[in-house]
Amino acid sequence: MRIISSSVFLDRIIQAIEYISFNPDPLIGLSLKDMLSQEQDDLVKDAVNSIIENADASRQDRIPLCQDTGTIVCFAEMGKEVHLEGELLFDILNRAVKIAYDRYFLRLSMVEEPLFERKNTLNNCPAILHTTITSGDKLTILIAQKGGGAENMSFHEMLNPSTSPKQIVDLVVETVKKAGSKACPPLILGIGLGGNFESVAINAKRAVFLPMNVRNPDPRYAQLEEDILGAVNATKIGVQGMGGAKTAFSVHIIQAPCHIASLPFAINLQCHAHRHISLTI
Amino acid sequence: MNIYEIHLPLTPSDFNLIGIGDKLLLSGEIFTARDQAHKRLCGLIDLGEELPIRLVETTLFYCGPSPIPEGKICGAIGPTTSTRMDIYTPLLLANGLKVMIGKGERSPVAKQAILDHKAVYLTALGGISALLSRTVQSFSCYMWEDLGPEAIYRLEVINFPVYVAIK
């Protein structure tokens with residue numbers, strides 16, 4: 001049994017939250033530079049340039065990339081030979097959120113309950129944590145900041161098993177069109193297919209944070225990812241709804257076995273301020 | 001795309017000058033207000049009470065800023081989704097509001113109300129908050145501090161970039 005001290009883990013999480021607040025996924029920057037050389041329209045180029053300059057400004061000025069510093073969403077894989085000494089994983093995570101949001105002047109965006117007072121929790125807690133137990137003696141945790149704008153445009157439906165791949169493409173395009181500039185495109189699209197009502201949504205969220213340049217290992221689903229990306233980009237919604245060739249940077253599908261009667265579908269939208277990091281202890 | 005430097009508040013001649021798709025560089029006073037502040041403003045109007053801001057001269061920015069880091073003028077600022085404010089917008093327009101800054105499309109009802117009142121809806125780019133923060137010369141909580149990021153903040157900006165979306 002490998003013992004990890006909770007204070008080491010706490011510090012690593014705080015550092016990770018600090019890092020993602022001021023540094024987007026580096027592949028976003030590369031894609032944007034690529035777009036600059038391809039786009040013709042002045043308005044589109046102006047918008048792309050602003051996003052590139054924002055990443056530099058954020059790093060230099062220590063001002064968050066986006067004022068919506070989001071909900072902290074984590075996927076933890078805990079090796080069964082790891083023992084986390086002291087507090088529970090969820091408690092350490094929330095303590096790290098509380099410290100990081102105060103120390104780095106990040107916006108407190110969580111409310112205590114959804115319907116009545118909507119009183120701010122004043123520490124951005126709780127984080128949302130999904131944990132799986134794996135083999136080995138490592139603890140791997142993906143930490144992301146998820147803003148409200150793109151999250152609100154996400155969509156979930158229990159489809160008929162006779163649904164065709166083409167209908168899936170159409171459904172995604174419809175969702176992206178409805179989101180328009182509200183979700184802050186260019187987007188990253190995470191899609192869950194199969195599983196059941198709750199697992200399909202978790203898979204869609206997990207898919208958003210897969211490496212942007214990695215395709216689905218099943219060639220049929222990899223093709224579907226490509227078809228969806230092509231159809232979404234054909235909408236010409238473009239950067240912040242200003243047009244251009246890129247409405248989404250990448251599409252990621254996570255499929256899962258499902259009931260004979262079901263075809264669960266979920267799509268989670270992510271904005272261009274793609275903030276996530278994975279760390280292994 | 002025309003680019004105009006505009007000194008707020010927006011004058012009738014500015015209004016006549018600008019067109020859909022133009023880029024404006026705004027300088028002057030801006031007030032933030034998002035969901036909860038809108039709810040309170042409309043609540044005051046419903047009660048017939050005087051508003052804390054003169055809507056006719058106000059540029060309303062749908063924004064919940066992040067806190068001010070030590071030694072800085074302000075934190076991250078950027079637009080939030082405007083559709084959430086659509087249910088409040090017609091009442092604010094009826095009480096004099098002329099300029100709004102947000103992100104994304106408006107509902108048909110809100111859009112029509114903006115057109116009917118000869119008001120302007122401007123959009124700012126989302127997710128460029130550190131860059132927008134550089135345009136801020138002064139920043140303070142104006143009222144309803146208890147709302148945290150949803151309070152009304154007063155900003156003075158120089159060359160704050162927006163695009164004309166509805167007029």
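At 222 nm, what value in deg cm²/dmol follows for chain A if DSSP H runs of at least 4 each add -39500 (n - 2.57) and the sum is divided by all its residues, to the nearest 500?
Here the helix-only value at 222 nm equals -13000 deg cm²/dmol.
Quick one: pull the percent of accessible area on the stretch B:1-151 belonging to carbon and sulfur, 1.4 Å probe, ligands and nucleic acids left out.
Carbon and sulfur: 52 percent of the exposed surface of the stretch B:1-151.
List the residues whose amide H sits under 5 Å from the amide H of B:Y142, counting only those 5 or more places along or on another chain, with H placed 1.01 Å from N in the peptide plane.
Those lying under 5 Å, H to H, from B:Y142 are B:I152, B:Y153, B:R154.
At 24 Å minimum axial length over the Cα atoms and a Kyte-Doolittle cut of 0.5, report the qualifying DSSP H helices in chain A, or say none.
Qualifying helices: A:6-22.
Counting only GluC sites (Glu not before Pro) that are in a DSSP loop and have at most 13 other C-beta atoms within 10 Å, tell me the longest site-free stretch of chain B.
B:71-167
Under 8 Å for C-alpha pairs, at least 6 residues apart: give me the relative contact order for chain B, rounded to a whole percent.
With pairs under 8 Å counted, the relative contact order is 30 percent.
What's the magnitude of the charge dipole for chain B around its Cα centre, counting Lys and Arg as +1 and Asp and Glu as -1 at the beta-carbon? Answer in Debye, nearest 20.
400
Could you size up the charge dipole of chain A around its Cα centre, putting +1 on the beta carbon of Lys and Arg and -1 on that of Asp and Glu, and report it in debye to the nearest 20?
Dipole size: approximately 60 debye.
Which of A:M78, A:N23, A:S50 sits closest to the plus end of the dipole of the stretch A:1-91, meaning its Cα is farthest towards the positive end, when Lys and Arg get +1 and Asp and Glu get -1 on the C-beta?
It is A:M78, whose Cα lies furthest towards the positive end.
Residues of the stretch A:151-189 that become at least 30 Å² less accessible with every protein chain present than in their own chain isolated, using 1.4 Å: which are they?
Correct list: A:S181, A:K182, A:C184.
Can you give the accessible area buried between chains B and A, summed over both chains, with a 1.4 Å probe, in Å² to the nearest 100?
2700
At a 1.4 Å probe radius, carbon and sulfur cover how many percent of the accessible area of chain A?
Ligands and nucleic acids excluded, carbon and sulfur give 55 percent.
Over chain A, what is the relative contact order in whole percent, taking alpha-carbon pairs under 8 Å and six or more residues apart?
This gives 25 percent for chain A.
Which of the pairs A:K146/B:K39; A:K146/A:K236; A:K138/A:K246; A:K45/A:K98; B:K23/B:K111 have their Cα atoms more than 27 Å apart in this structure?
From the list (A:K146/B:K39; A:K146/A:K236; A:K138/A:K246; A:K45/A:K98; B:K23/B:K111), the Cα-Cα distance tops 27 Å for A:K138/A:K246; A:K45/A:K98.
What translational D, rounded to a whole number of µm²/s, comes out for chain B from Stokes-Einstein when the hydrodynamic radius is the Kirkwood one over Cα pairs, at 37 °C and 0.692 mPa s?
208
With the dipole of chain B worked out from charges on the C-beta (+1 for Lys and Arg, -1 for Asp and Glu) around the Cα centre, which of B:P90, B:P69, B:L125 lies farthest toward the positive end?
Highest projection toward the positive end goes to B:L125.
Which Cys in chain A stand alone, with every other cysteine's Cβ at 4.7 Å or more from theirs?
A:C66, A:C74, A:C125, A:C258
Restrict the search to the stretch B:26-95; then list the trypsin sites (Lys or Arg not before Pro) that DSSP places in a loop and that have at most 16 other Cβ atoms within 10 Å of their Cβ.
Sparse-neighbourhood loop trypsin sites (Lys or Arg not before Pro): B:R54, B:K72.
Which residues make up the longest stretch of chain A that has no trypsin sites (Lys or Arg not before Pro) in a DSSP loop with at most 15 other Cβ atoms within 10 Å?
Free of exposed loop sites, the longest segment is A:139-235.
Rolling a 1.4 angstrom probe over the protein heavy atoms, how many square angstrom per residue are accessible across the stretch B:11-132?
Accessible area per residue: 38 Å².
Where the convex hull is taken over the Cα atoms of the protein assembly as shown, what is its projected area averaged over directions, in nm²?
In nm², the orientation-averaged hull projection of the protein assembly as shown is 22.2.
Within 10 Å of each candidate Cβ there may be at most 16 other Cβ atoms; applying that plus a DSSP loop requirement, which GluC sites (Glu not before Pro) in the stretch A:49-99 survive?
For GluC sites (Glu not before Pro) across the stretch A:49-99 that sit outside H, G, I, E and B with at most 16 neighbouring Cβ atoms in 10 Å, the list reads A:E81, A:E87.
What relative contact order, as a whole-number percentage, does the stretch A:153-281 give when Cα pairs under 8 Å and 6 or more residues apart are counted?
43
The values are calculated or read from the model by the stated rules, or taken from the named source; none is laboratory data. Just so it is clear, the structure is predicted and the values come from calculations on it, not from any experiment. We place every Cβ from the backbone using ideal geometry, glycine too, and count neighbours over all the protein chains shown. Just the protein is used for accessible areas: all its heavy atoms, side chains included, with ligands, DNA and RNA removed. Shrake-Rupley method; radii C 1.70, N 1.55, O 1.52, S 1.80 Å.
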